[in-house]
1. Counting Lys +1, Arg +1, Asp -1, Glu -1, what net charge surrounds residue 9 among other residues with beta carbon under 11 Å of its beta carbon?
2. With both bridge residues required to lie in the chain, what share of the DSSP beta bridges run antiparallel, to the nearest 5%?
3. Among 108, 47, which comes first, then next, by fewest other beta-carbon atoms within 10 Å?
4. Search the structure for amide H atoms under 5 Å from the amide H of residue 89, placed 1.01 Å from N in the peptide plane, and list their residues when 5 or more places away or on another chain.
5. For region 2-163, with only Lys/Arg (+1) and Asp/Glu (-1) charged at the beta-carbon, what is the dipole magnitude about the Cα centre, in debye rounded to 20?
6. Pick the calculated percent of Cα pairs over 22 Å apart for this structure from (i) 43; (ii) 55; (iii) 35?
7. Positive end of the charge dipole of the chain (Lys, Arg +1 and Asp, Glu -1 on Cβ, about the Cα centre): tell me which of 19, 39, 99 has its Cα farthest that way.
8. Can you tell me the order of 18-31, 85-98 when each peptide is scored by its average per-residue count of other Cβ atoms within 10 angstrom, highest first?
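Quick note: the coordinates plus some simple rules give every number you see, no bench work behind them. In this text, all values refer to a predicted model and were calculated from it rather than measured experimentally. No Cβ is skipped: glycine too gets one built from the backbone with ideal geometry, and neighbour counts run over all protein chains shown.
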Amino acid sequence: MIFVTVGTHEQQFNRLVKYVDDMRKDGLITEEVIIQTGYSTYEPRYCTWQKLYPYQVMTEYVNEARIVITHGGPSSFIMPLQIGKTPIVVPRQKKYDEHVNNHQLEFCREVAIRHKNIINIEEIEQLGKAILKYEVIVSGIANIQVSNNEKFCMEFSKIVDGFF
């Protein structure tokens, strides 16, 4: 199952909702898709959807999902990270009238560069490839990720080894 959430911001996110619905319609996604559409005006025809889900239901969907796709709000993509999932994050953008500015775009770029723990999708045309190649992308991310504790221990070991 794929779970998509656009958050609760009062502007539409039709670009994401319609793209995922079209992928399902075209048979590019064959598994079940559940979308929390928020204030989007586009109503999916090929996916299960609801404007808003209670937090507990959202948590269940995130746990059950093979892939979680979120907007760029930190609250939405931190939840899958906390349970060990790598989310696909599509930041809302001002040029599409999805937000008042590009803070999600800028923030997600920084998270992707610094932490390498999200799949940041800035242009919606990149989303299909990210979904279809999700496991390959995630395995590549897992290979480059090193926790801060591991980094500290490796550096500390070098210092200690230098004493001997």
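1. Spelling it out: positives minus negatives among the neighbours equals -1.
2. Bridges in the chain that DSSP calls antiparallel: roughly 0 percent.
3. Ordered from fewest to most neighbouring Cβ atoms within 10 Å, 108, 47 come out as 47, 108.
4. The list, which skips near neighbours in sequence, is 70, 119, 120, 121.
5. Working: 18 positive and 20 negative charges, 30 e Å.
That gives region 2-163 a dipole magnitude of about 140 debye.
6. Correct label is (i).
7. 99
8. Details: 18-31: 16.1, 85-98: 20.2.
Descending mean neighbour count gives 85-98, 18-31.
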